[in-house]
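Heads up, the thing below is written out as structure tokens.
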Amino acid sequence: MKNIFYLRGIFSLFTVFITSVLTVNSQVIDFPQIDGFKLEKNYPVYTPNDLWDYINGGADSYNALGFSDLHIAEYTKGKKVSVKVEIYLHLNENLAFGIYALERAPSYNFIPIGVQGYRDEGMINFLKGSYYVKISTHSKSKKALKAVDELAEKLEQIIGGSSEFPAILIDFPTQGKVVNGEMYIAENVIGHEFLSNAFRVNYNIDDQRFVIYLFTEETPGTTSEMVQKYLARLDLDSETVSEGKYAFKDGYNGDIFLELKGDKMVLITGLGNDQSDIAEKYINEILK
């Protein structure tokens, strides 16, 4: 009998432990109330395993950028008016920035909300911390459009996290930079599986277009390992180049300018071999 009570006690403690772990790891979204609208939260919480059920082919891009979970709510008024809210959580702020940047375009109508947001008729999307928020309605009624604005304001206040762009973007030179063209790529940078976690910025100077990638790794030596794998793949002798500077051709990527300094690496594509002075100028400014 004592053993039965003992096992029940162990089971109860185990249940409490599991519940605590799930509570810590799951994110509770406190959707705000909107006057005149009914809040519906009967959607499942989507995870990387079933995100395809909701956004189909688009799930690959989200999962590649550290998607964690998706919470959805719908605000309805009568039978014809509804506003949907989707809140995507990613594993960190860089990854959330990556998916947000992937879906925006430099020509969008940007608004000052969270880190940044953009709007179109009946739609506001914005980034804050590790969250990517989408608010939309198919209705053109004034009440529905007003609800979109009100929800954006309330959610921006509720959601935690930074309202600043990743600090590393400051390292990119401003001359020739395409505004709102920054991106973050978590894997397969320029098509190589051994190159990962890089910020990308597009440049255009006198109709000369090129791209700068800035890699930073928190784990010491990781960036250096990527360089060695890169050189080995191209069968290049790393000992023939001094001070961590490299210039070579890479198949479909053309001429590559690369420099490693500590755990920071800059890689430039789009410039020809005869434009090494431009590459050196930008690399020096980033790694100064």
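The values are calculated or read from the model by the stated rules, or taken from the named source; none is laboratory data. Note that the structure is predicted; figures quoted are calculated from it, not measured. So basically every Cβ, Gly included, is an ideal-geometry build from the backbone, and we count neighbours across all protein chains shown. Ligands, DNA and RNA are excluded from the accessible area calculation, which covers all protein heavy atoms including side chains. Shrake-Rupley method; radii C 1.70, N 1.55, O 1.52, S 1.80 Å.
At E164 and T222, where each label point lies 7 Å from the Cα along Cα→Cβ, what is the point-to-point distance in nanometres?
Taking the simple label geometry, E164 and T222 are separated by 2.1 nm.
For I256, which sequence-distant residues (separation of 5 or more, or a different chain) have an amide H within less than 5 Å of its own amide H, given hydrogens modelled in the peptide plane?
For I256, whose amide H was placed from the backbone, the distant partners under 5 Å are F248, K249, D250.
When Rg is the radius of gyration of the Cα atoms in region 183-235 and Rh is its Kirkwood radius, what does Rg/Rh come to?
So for region 183-235, dividing Rg by the Kirkwood Rh gives 1.04.
State the label only: which of (1) 77, 37, 37; (2) 92, 50, 36; (3) 71, 66, 31 corresponds to Cα extents along the principal axes in Å computed from the shown model?
(3)
May I ask you to order 179-188, 35-44 by the average number of other C-beta atoms within 10 Å around their residues, highest value first?
179-188, 35-44
Rounding to the nearest 20 debye, state how big the charge dipole of region 160-221 is about its Cα centre with +1 on each Lys and Arg Cβ and -1 on each Asp and Glu Cβ.
160
Going by alpha carbons, how many degrees (0 to 90, nearest 10) lie between the helix axis of 222-233 and the longest principal axis of the chain?
Compared with the principal axis, the helix lies near 60 degrees.
Between E243, E259, E164, which gets the highest mean-square fluctuation from a Gaussian network model of the chain, Cα cutoff 10 Å?
It is E243.
Using R₀ = 25 Å, calculate the FRET efficiency as 1/(1 + (r/R₀)^6) where r is the Cβ-Cβ separation of T174 and N92; round to 0.05.
After rounding to 0.05, the efficiency reads 0.45.
Can you tell which of Y246, Y100, Y213 shows the greatest fluctuation in a Gaussian network model of the chain with Cα springs below 10 Å?
Of Y246, Y100, Y213, the Gaussian network model singles out Y246 as fluctuating most.
Report, to the nearest 10°, how far helix 2-25 tilts away from the longest principal axis of the Cα atoms in the chain, using its own Cα long axis and a range of 0 to 90°.
Approximately 60 degrees, to the nearest 10.
Could you work out which residue, out of I29, I278, I159, moves most in a Gaussian network model of the chain, that is, has the largest mean-square fluctuation with Cα springs under 10 Å?
I278
If you wrap a convex hull around the Cα atoms of region 18-150, how much volume per residue is inside, in Å³?
Enclosed volume per residue, from the Cα hull, is 126 Å³.
For S130, what residues show an amide H to amide H distance below 5 Å, using hydrogens built from the backbone and excluding near sequence neighbours?
Correct list: S162.
Keeping every protein chain present and rolling a 1.4 Å probe, give me the accessible area per residue for the chain in Å².
56
Per the 1.4 Å probe, what fraction of the accessible area of the chain, in percent, lies on carbon and sulfur atoms?
The C+S portion of the solvent-accessible surface of the chain is 51 percent.
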